[in-house]
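Quick notes on the structure that follows.
Please treat every number below as a calculation from the coordinates, not as lab data. Worth saying up front: this structure is predicted, and the values here are computed from it rather than measured. Methodologically, a virtual Cβ is constructed for each residue, glycine included, from the backbone with ideal geometry; neighbour enumeration extends over all protein chains shown.
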Amino acid sequence: MSEMNEIHENHEPAFLSRITSILFIIIGAFIAAYGLEAVLIPNSVSDGGITGISIMLSTLTPLPLGLFLAILNIPFIFLGYKLVGKTFAINSIVGIATLSIATSLMHHIPTIINGDSLLVTISGGILLGIGMGLALRNGGALDGTDMLAVLISRKVPFSTGEIILVINVFIFIFVGFVFGIEGALSSAIAYYIASKVISIIETGLEDAKSVMIISKNSREIGQAIINRLGRSVTYIDGVGGYTHEPVEVIYCVINRMEESKLRTIVRQKDPDAFVTFSDIAEVRGGSFKKRNIH
């Protein structure tokens, strides 16, 4: 009986997490749809990827945008299932279906910005980025371009980012024929803004950095980081590849505002210390939370 209760308790948090993720994906899809229908499309501004192609086709034909979003993304959902897994594919189906329905529901929604191309590209790009970023952060996708780029990158000597860039160059050339040069340039700017917002949504605003320090005064530096920054440190035993002598490596995680102070600590304790800083997309668990310093 106790085993059954334990299994039930273990499944409940996982179930709630799945529901929460799907809810955020749906919210993200509605935000992205609003950015498209209330800002970008009425001002002849498109997006990149499958969404951009769908916008062009809906502009050139009497068929609705939502229909093209649903149909064109079907092969990429299958790719997502093969490349990432079943959960990602299911989440993407939910997101793309919601985006398709939401764009249809919002098709005649009043345009909130007219004429100001700069404001249109910025606000539209931000809304689109927030929506797509929420979907990606919660294990789904609203556009299949990334999945296609991952598949192609396995066959050619180019990175995923380079392939996405090439795909979107052709899409924006197509946009230029439909919406004109100004529309194509505005679309490219909106896409760039959206991509940056997606990155912020995915990685968060914490701007955490991991730091590795190799020094003969490792214990002094570590204690100073604990006392003056309120951050925990980990000591890692290593061996110098050139000298073959034992070394002690300090590992810790800080935020960007603490970087300057940490540099000062290291410089004071050991000016010859070897220090590396690396950006971290996300921090969970452990003792990253800052200890109060009095």
Seminar exercise, completed: Fewest to most Cβ atoms within 10 Å: Met106, Met132 sort as Met106, Met132
Exercise. Quick one: which of Lys216/Lys261; Lys82/Lys209; Lys209/Lys269 span more than 24 angstrom between C-alpha atoms?
Worked result: Lys82/Lys209
Problem set entry | Where GluC sites (Glu not before Pro) in DSSP loops with at most 14 other Cβ within 10 Å are excluded, longest remaining stretch of the chain | 1-205
Exercise. Can you give the relative contact order of the chain as a percent, counting alpha carbon pairs under 8 Å and 6+ residues apart?
Worked result: 20 percent
For this session: Would you calculate, for the chain, the mean residue ellipticity at 222 nm contributed by helices, counting each DSSP H stretch of 4 or more residues as -39,500 (n - 2.57) and dividing by all residues, to the nearest 500?
Result: -21500 deg cm²/dmol
Exercise. Based on the alpha-carbon gyration tensor of the range 208-279 and its eigenvalue square roots a ≥ b ≥ c, which shape applies: rounded if a/c is under 1.5, prolate if not and a/b is larger than b/c, or oblate?
Worked result: prolate
For this session: Give a quick list of trypsin sites (Lys or Arg not before Pro) in the range 117-180 that DSSP marks as loop, anything other than H, G, I, E or B, with at most 16 other Cβ atoms within 10 Å.
Result: Arg154, Lys155
Exercise. Which option, (1) 27; (2) 43; (3) 14, is the value of percent of Cα pairs over 33 Å apart that was calculated from these coordinates?
Worked result: (2)
For this session: Counting only C-alpha contacts under 8 Å and six or more residues apart, can you give the relative contact order of the range 120-276 as a whole percent?
Result: 24 percent
For this session: Kindly express, to the nearest 10 degrees and within the range 0 to 90, the angle between helix 86-105's C-alpha long axis and the longest C-alpha principal axis of the chain.
Result: 40 degrees
Exercise. If we sort 164-173, 94-103 on the protection proxy, mean other Cβ atoms within 10 Å, highest first, what's the order?
Worked result: 94-103, 164-173
Exercise. How high is the relative contact order of the range 39-153, in percent, with contacts defined as C-alpha pairs under 8 Å that are six or more residues apart?
Worked result: 37 percent
